[in-house]
Amino acid sequence: MRQKVLAWLAENVPPARVDHILRVEQMAVNLAQHHKQDMEKASKAGLMHDLAKCFPPQKLLEMAKTEGLEIDEVMLACPHLLHAEVSAIVARDTFGVEDEEVLQAIANHTLGRPGMSPLCCIVFLADSLEPGRGHTPELQALRHSSLENLQQAVWQTCDYTFKFLLESNCLIHPRTLTTRNWFLQKSKAKQNNILQPNT
Ligand SMILES: [Fe+2]
Ligand SMILES: [Fe+2]
């Protein structure tokens, strides 16, 4: 299956994007190993997370509509946001992926989702933090955080993404905010439990 996906990527995605995909796959496998998650699923989701990255906006909208996905105002204005969910459709229909966990990890890699699974968190983090994204102190701290605690790293990475989107005058999808809030609250609740184990 991996060879089939790599051959498809070589045809449909520019080489620089394939390099990013391979780095995401590698980081996802490393995080899965570190956090005792399924490494094979992490590899599959990492390898297929950006299948639809280069689809034109119209094609993304059409495929999302056919699938019955909810297309909100921000997605209409910026159909590129749909590439994550459409990549999961391609993974299912072209490569026969049936594992719902893998499909969800692909579908949630850009906007996240409140309550998403550890595998989803891993692919979400690997996409934003793979080594090709740079080596600023902020990114290095987020990578460190991703090894320490997945939930904490997710809300911190959402905050990092917000800063970038605000600076570049880009639209922010509300789901990134609800994801950030969910994981921030979850992390705080966990911390309070550690600090007050008997309450
Ligand atoms: Fe992506
Ligand atoms: Fe990506």
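Key figures
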item: Neighbour-count order for 24, 97, fewest beta carbons within 10 angstrom listed first; result: 97, 24
item: Compactness of region 71-176 as Cα Rg over 2.2 N^0.38 Å, two decimals; result: 1.10
item: Exposure proxy ranking, count of Cβ atoms within 10 Å, fewest first, for 101, 40; result: 40, 101
item: Gyration tensor (alpha-carbon) shape descriptor, region 7-73, a/c threshold 1.5; result: oblate
item: Spread of Cα-to-Cα distances over 10 Å intervals beginning at zero, given as percent, for the chain; result: 9, 35, 38, 15, 3, 0
item: Proxy reagent accessibility, fewest Cβ within 10 Å first, across 83, 34, 109; result: 34, 83, 109
item: Helical contribution to [θ] at 222 nm, DSSP H n ≥ 4, -39,500 (n - 2.57), averaged over the chain, rounded to 500; result: -22500 deg cm²/dmol
item: Compactness of region 72-111 as Cα Rg over 2.2 N^0.38 Å, two decimals; result: 1.21
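Any read-out appearing in this document is the output of simple, stated calculations on the displayed coordinates, not a laboratory observation. Since this is a predicted model, take the numbers as computed values, not measurements. All Cβ positions, even for glycine, are placed from backbone atoms using ideal geometry, and neighbour counts span all protein chains on display.
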